[in-house]
1. Tell me, what HN-Hα J-couplings in whole Hz come from the Karplus equation 6.51 cos²θ - 1.76 cosθ + 1.60 at θ = phi - 60° for each residue of the stretch 150-167, using x for Gly and Pro?
2. Add -39500 (n - 2.57) for each DSSP H run of 4 or more in the chain, then divide by its residues: what number comes out at 222 nm, to the nearest 500 deg cm²/dmol?
3. Can you work out the Karplus-derived ³J(HN,Hα) for every residue in the stretch 67-77? Use 6.51 cos²θ - 1.76 cosθ + 1.60 with θ = phi - 60°, whole Hz, and x for glycine or proline.
4. Counting Lys +1, Arg +1, Asp -1, Glu -1, what net charge surrounds PHE160 among other residues with beta carbon under 10 Å of its beta carbon?
5. If amide H atoms are built 1.01 Å from N in the plane of the peptide, which residues on other chains or at least 5 residues away come under 5 Å of the amide H of ASP41?
6. Between SER54 and residues 5 or more places away or on another chain, which pairs have amide H atoms under 5 Å apart, with H built 1.01 Å from N, and which residues are they?
7. For a footprinting-style exposure proxy, rank SER75, SER56, SER164 by other Cβ within 10 Å, fewest first.
8. Which value, in debye to the nearest 20, gives the size of the charge dipole of the stretch 41-183 about its Cα centre, when Lys and Arg are +1 and Asp and Glu are -1 at the Cβ?
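Just so you know, all these numbers are worked out from the coordinates, no wet-lab data involved. None of the values given here were measured: they were computed from a predicted structure. Using ideal geometry, Cβ is built from the backbone for each residue, glycine included, and neighbour counts are taken over all protein chains shown.
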Amino acid sequence: MKKGFVSNMERCIGCNACVIACKQYHGLEPEMKRRKVREMDENIVGQPVRAYLSASCQHCDEPACMKACPTGAYSKREDGVVLHNAEVCIGCRMCQWACPYEAPTFNPVTKKMDKCDFCRERIDAGEQPFCVAGCPMEALEMVDMDEINESDYVSEVKGFVDPSITGANLRVKLPAAVRQVRR
C-alpha cells in the first residue's frame, strides 16, 4: 500500500478546518502549517468557479527534501510516508528550499524543520489523519495510491506545482463547471 491524499475541490470550501485540526494535534507554533489551503484560479475548469486546494507534504516517490538534506534527517516508509527526524535535523532549511510544494516548515522555537508525517501514529492504529478527520465537508481522503481509480482524478492542477517533478502522491477532483447560475 502506498499512501496518498485526495483533495476534492468540488467539496472544499476553504474553511481551513484541516489546517487547524493538524495544528492543534501537533501543537504547532502559530506561524507554522503542515497543510495549506490555497485559493485557486477562478478559471481552473475553463469558466469562473470558486475553488480551493488543500495540500500538505505530497509524500513523493522521489522526495526532493530527502535528497537535499545534508544530515539524512528524512526517511521513507514502505507505505510511502516520508518522515522527518528532528533529532538529526540541523535546521539548515535545505529541504525547505528544495521542496517544490513548500512542505517543510521551520520551527522558530526548536530551530528545526517540521513537516506532515501523515499522522503516522493514527494511520498505524487504523485511524484517519487529523486533517482528513477534521474536514467538515469530507473534502480530504487518505487513499492507497496503488488502488485509486486514476480516471476519477487529476494529478496536475492549473496554478499548482507540476507533480511529475517528484512523483507527488496527491490526486485532485476538480470542481464541476457551473452549468447555470439560475433556473
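1. So the Karplus estimates, Gly and Pro as x, are 4, 5, 7, 9, 10, 9, 10, 10, 3, x, 10, 4, 4, x, 6, 4, 10, x Hz.
2. -3500 deg cm²/dmol
3. Running phi through 6.51 cos²θ - 1.76 cosθ + 1.60 with θ = phi - 60° gives 5, 7, 6, x, 10, x, 6, 10, 9, 10, 7 Hz.
4. Charge balance near PHE160 sits at -1.
5. When sequence neighbours closer than 5 places are left aside, there are no close amide H contacts.
6. Correct list: ARG38.
7. Result, fewest neighbours first: SER164, SER75, SER56.
8. 700
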